[in-house]
Amino acid sequence: MATAPGSGFNLGVCWKHNRKFILPPIFGIGGFLLFWQLSSSLGLTKLTGPLSLWTDERTRELLLYPFFDRGGLDKGLFLHTMNSLSRVALGYSLAAILGIGVGIAVGLSQTLNRAFDPLFQFLRMVAPLAWVPIALVIFQQNQPAAIFVIFITSIWPILINTAEGVRQIPQDYRNVALVLQMSRQKFFTKILIPSALPYIFTGLRISIGLAWLAIIAAEIVMPGTPGIGFFIWDANQNGYVSDIVLGVVWIGAIGLILDRLMAWLQTRIAAGR
Amino acid sequence: MTPPIVAVQDVVKNFPLQGGGNYLALKGIDLEIRKGEFISLIGHSGCGKSTLLNMIAGLDLPTGGTVLLEGESVKRPGPDKMVVFQNYSLLPWLTVRENIALAVDEVMPDLSRSERDAVVEEHIAMVGLAHAAEKPPLQLSGGMRQRVAIARALAIRPKLLLLDEPFGALDALTRGNLQEKLMQICNEHELTAVMVTHDVDEAVLLSDRIVMLTNGPGSKIGGILEVDIPRPRQRLEVVHHPSYYSLRSEIIYFLNRQKRVKQWQAKPHKVLARHGLEKVNLDLGFIPLAACAPLAVAEAKGFFRKHGLDEVQLVRETSWRGVTDGLLDRTLDAALMPSGMPAWMTAGGHGSDPTPIVTALTLSRNGNGITLARRLADQGVRSVADYRDYLLRNNREPHTLGIVHPASMHNLLLRYWLSSNAIDPDRDVHLQTLPPAQMLADLKDGSIDGYCVGEPWNNRADREGHGFPIVGDLEIWSGHPGKVLGVREDWALAYPNTHIALTKALLEACRYCADPAHWDELSQLLSDRRYLGMKPELIRFGTPSGCAENPHGDPHTLFFGPGVNRPSRTEHLWILTQLARWSEIPFPRNYVEILERICAVSVYSTAARELGLDDVSYQRTGIELFDGVPFNGDDPIAYINSLSIHQDFSVAEIPIGVPRAMVS
C-alpha cells in the first residue's frame, strides 16, 4: 500500500478506524470477568474468582512458570499440554486417515452407504466419556485406550463430511471424466480429491475441536501420566479449584489456537472452491 | 452421398419414476447426421432435447433403438464425441491452461510433452484467451469460461462436437460474438456438431438443419428444417436472407403450437352436455380478418348463448396452418376456414392422412383483392397487361407474391387470374405462403411484390401507401365463397345437435353482419385486441378498397342473403378441380362421395328452417369467372384439361373410409 511521504504511523487515526472492533470485546470480556469475580467475592458461588489465579500462590506459580519440570508428574502446564497434544495428534491423525478413506468409499458406493450410514449416525451420538470404559475393556492399557477415545470422538465429522463431499461432486465434473475416459486413479487425484477437499476440510476443522474436547475424557482413564486432562483431574481430586480454572483457561486457549490453525490451513489449501 | 456419421435409429428413452412407473421422454427418434453438418435441436423445456444429446454423447443409453457413430453403436462416452456443457464444467482448481491440458494429456498420451503443449497453446490462442491462460476459471466471465470449454473440446479433435445450450447463460453481446467464433471454427475445421438450444435466431444462424422436438411425454421429431442460407454466414447479414424470416417464423409457429397444445392438455376437457346439446363447450378457431365478423358478433351479441352454446371460446390463430393443426390434433372443435380447406384436408392436401372435414355454412363471400407493391405502379404498372410486360422485362429477378394458404380462395383466384392473363403462376412468379398479418410488413420491406388476401390488408396497403389494388375479387368472380365453417366429420357425427346449434348461431350472426346499419359497429367490434387489434377505420365492409367507382355497386363482403350461406357442392367441386389443377391434391376419382361428405346441406337446411329462414334457398346457377369460361361440373377432368395453364395433375381414389363418429 502506498503511503504519502512523511506520514508515519498515526495512533489517533488507527484508533479511530479500529475502535469499534476493539472496544466491544474488551467490554464483553471485562464485564464477564467482573461479574464472575463479584459473584465469587460476594459468596454467591463457591467457585473462586479469576483473580484467584494470581492471589492463590500455588496457582500463580503454575501460571508464571509453565516450563518447569521437577520430574514425575510435577511439571509446568506447557509440558502437560504438549503431552496431551501429542496424544491428540495421534488419535486425530488416525481419525483423519480412516475417516477420509472410509468417507470416500461410502460416498462412492450407494450400497456401502446404505449398509453403514445408520451405524455411523448411531455411533456419532455416543459421548466421549461413554467410550472410556469400552476403550479400557478393548485395549486393557491406558495409552491406546486414550488414543482410541480421541479417535472415535473425532472420526465422525471427517467421515460424514468426506462422504458428503464425494457425493456432492457435480455431475458436470463426473461427465468431464467420463467423456475424457479418465482412469480411476486419474479421476481420484484430478477430480474427486480436489472437488471434495472443501468438505473434507470442514470435517477436519470440526473434528480438531472434538478431539481436543475428548482429551479430558481420555486422560481420566490414565492416572499417572502427564497431560492437561490429568492435571485438571488431579486438581479436582485435591480440591484446588483455582488450578482447575487455570487448566480450563489453557484448554480453551489451545482449542482456539488449533481451530484457527485449521482454518488457516483450509484457506491455504482449499481456497476458492 | 456420404454415409451419415451419426445415425439415431428409432430411439426410445424411458425414465423410471419415483414410486414406480415410467416417464416416456422420447419416442421413435430417427435422425441421420452427415459429416460436417451442424444440427440444432430445439423445443420447449422438458422435451428431451438434452436427453437426446446425452444419448448421442453416450452419457445416457437409450431404452430402445440405437445410436450409431460411424456405424458403431454408442455404448459409453468418449473423447470422439466431446460435449460442451451448459455450465462450462471447468475444474475450478485448475487454470485455463491446466483445464485444457488435462483433456489433451488424457486423450493424446501418444504425443510428446512438447507436442501436447503446442496443441494446448494453439487452442488457447484460437479462442483468444492467451492473456488469461494462467487464471482459474472463477476469475473469468461467463463468455470467457465458455470459450475455454469450447477450446478444451476442440483441442482433443473430436469427430463430433456436442453442445448443450452453450450460450444460454450469456448476455446478448457475448453470445453474438461467441456464435460467430463458433461458426468460424466449425467452418475452418469442418466440424460435425449437434447443439441444443432454446434460441430460435441462434438455431437459424448456426445450423444446416434444425430438428424441432414436440413436447413430452413421448417427444418425437416434429419437423426438420433445412437452412438454405449459404456459408460463411455473418450474424448481422443472415437476417437479410429471404429464407431467414420464414425459417424463423416456421420455428416460432412450431414452438407456439407446442405451447398451445400443452396449455390445452393442462385444462380439463370434459364434454359438457346441456340443453339437449351433446357439447356446449367449444373451442372455435379463427384468424384475424374482417371475415371473422360473424364469429365476433355471435360471441358479442350472445348468439352462441341464445342457441344453448354456453361456453364458446374463440381461439385466435396467427395462420391458417394453426387452424389445420388445431383440427387435426382436436384442440379445436370448429373453425373459420378458407372455403378450399374442407376439400383440401379431406383429400389429404395437408400432407398426412386424408381427414374428412364437413362444412354446413358458408360464412362470407368476396372480401378479397390482389395488391401489388407501390414501386410497380411507379414503374408504370397499371393493369394486368402492364404487369405481364413488366414480368417479361424483368424475368431474371424473382417475383414473389404472397398467398395465405394453398387451400384458400386467394391462392385459387390469384392463380386463375394470372393464368387467364397468360402468366404462369408457377413459372413466371413465385407464390409464397405467409400469415396475412405478415404480408403488409413483407410488402413494405420489399421481400414480396404483391399478395392476394382478404380485408383489411388490401385496404391498409393502399392507405399506407405501400401497395395498390390491381384487381378486386369482384372483377374475378363476384360472389365467390370466402370463408366457411369447418368441423371434422367425426366431430359432426358425434355432436349432431351441437353442429346444428352452432350453424344457427353463426347464420344469425351472418344476418346481423349483412345489415349495412351495423357496419360501423362491426368495425368497432373487430378493432378490439381479441380480434383484429387495429384502428376501426381500417376495417371496412362497404365498397372494395381503392375502387371509388365500384363497377358492381355491391357491398364488398357478403355475409347473408339468397344463395350466400348454403354450402354448394358445385363450388366445392370447382375448388377440387383448381386444387388438382395446381397439384395441391390429386383429383379424387371418388369426388361425388367426397362432395357429399364435405357439404352438410341437411345441417344447414335444418338450421335455416329452425330459424325461420326457409326462403334462403339455393339459387345459384353455373359458375363462370371473369374470363367467361363456363365450369362444367359434369366432366371436371375435361374442365381442368380445357384450361390453358395447369400442372401435370393426377387422378386418384382418396381413401376416406366410412363416416365414423369421434369417440371422446
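Each value in this text was obtained by applying a stated rule to the coordinates, not by laboratory testing. Being a predicted model, the structure only gives us computed values, none of them experimental. Methodologically, a virtual Cβ is constructed for each residue, glycine included, from the backbone with ideal geometry; neighbour enumeration extends over all protein chains shown.
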Exposure proxy ranking, count of Cβ atoms within 10 Å, fewest first, for B:His410, B:His430: B:His430, B:His410
Residues B:Arg248 and A:Lys186, FRET efficiency given R0 of 45 Å [Cβ-Cβ distance, rounded to 0.05]: 0.50
Which residues qualify? For B:Ile470, with a placed amide H closer than 5 Å and at least 5 residues away or on another chain, they are B:Ile370, B:Thr371, B:Leu372
Amide H proximity to B:Leu191 below 5 Å, modelled H, separation 5+ or other chain, gives none
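Students often get this wrong, so check it: of B:Lys135/B:Lys159; B:Lys81/B:Lys135; B:Lys75/B:Lys159, which have C-alpha atoms separated by over 18 Å? The partial results should precede the final answer.
Values: B:Lys135/B:Lys159 29 Å; B:Lys81/B:Lys135 27 Å; B:Lys75/B:Lys159 16 Å.
With Cα atoms farther than 18 Å apart: B:Lys135/B:Lys159; B:Lys81/B:Lys135.
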Using the beta-carbon distance between A:Glu61 and B:Lys262 and R0 = 60 Å, what value does 1/(1 + (r/R0)^6) give for FRET efficiency, to the nearest 0.05? 0.10
Sorted on mean Cβ neighbours within 10 Å (highest first), peptides B:120-127, B:269-276, A:186-193 come out as B:120-127, A:186-193, B:269-276
I'd like the FRET efficiency for A:Gln110 and A:Leu38, computed as 1/(1 + (r/R0)^6) with the beta carbon distance as r and R0 of 56 Å, rounded to 0.05. 0.45
Cross-link reach list, lysines versus B:Lys535, counting only Cα pairs under 20 Å and skipping chain neighbours closer than eight places: B:Lys444
Under a Cβ-Cβ cut-off of 15 Å, what is the net charge of the residues other than B:Ala118 that fall near it, where Lys and Arg count +1 and Asp and Glu count -1? -2
Can you pull the one-decimal nm distance between simple spin-label points at A:Gln141 and A:Asp74, each 7 Å off the Cα toward Cβ? 2.9
About the Cα centre, and with charges only on the beta carbon of Lys, Arg (+1) and Asp, Glu (-1), how big is the dipole of the range A:74-272? Nearest 20 debye, please. 800
Those lysines that a straight Cα-Cα span of less than 19 Å connects to B:Lys262, excepting residues fewer than 8 apart in one chain: B:Lys27, B:Lys49, B:Lys220, B:Lys270
Calculated from backbone phi, Karplus (6.51, -1.76, 1.60) coupling profile of the range B:61-69 in Hz, x at Gly/Pro: 10, x, 6, x, x, 9, 10, 10, 10
Give me, ordered by chain and number, the residues 5 or more places off B:His241 or on other chains with an amide H under 5 Å from its own placed amide H. none
Among A:Ser154, A:Phe139, A:Ser183, the residue whose Cα sits farthest towards the positive end of the charge dipole of the range A:74-272, when +1 is placed on the Cβ of each Lys and Arg and -1 on the Cβ of each Asp and Glu, is A:Ser183
Give the aspartates and glutamates reachable from A:Lys75 as a straight Cα distance under 20 Å; neighbours fewer than 8 places away on the same chain don't count. A:Asp56, A:Glu57, A:Glu61, A:Glu219, A:Asp234, A:Asp243
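What is the range A:74-272's relative contact order, in percent, from Cα pairs under 8 angstrom and six or more apart in sequence? It would help to have the intermediate numbers written out before the result.
Values: 234 pairs, mean separation 56.1, N = 199.
Here the relative contact order equals 28 percent.
Hey, got the average number of other protein chain Cβ atoms within 10 angstrom for residues in B:102-108?
Numbers: counts 7, 4, 1, 3, 9, 4, 0.
If you average over the peptide's residues, the count of other-chain Cβ atoms is 4.
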Sequence order, the range A:144-158: Karplus ³J(HN,Hα) from phi using 6.51 cos²θ - 1.76 cosθ + 1.60, θ = phi - 60°, Hz rounded, Gly and Pro as x, gives x, 5, 4, 5, 4, 4, 5, 4, 5, 6, 9, 6, 4, x, 5
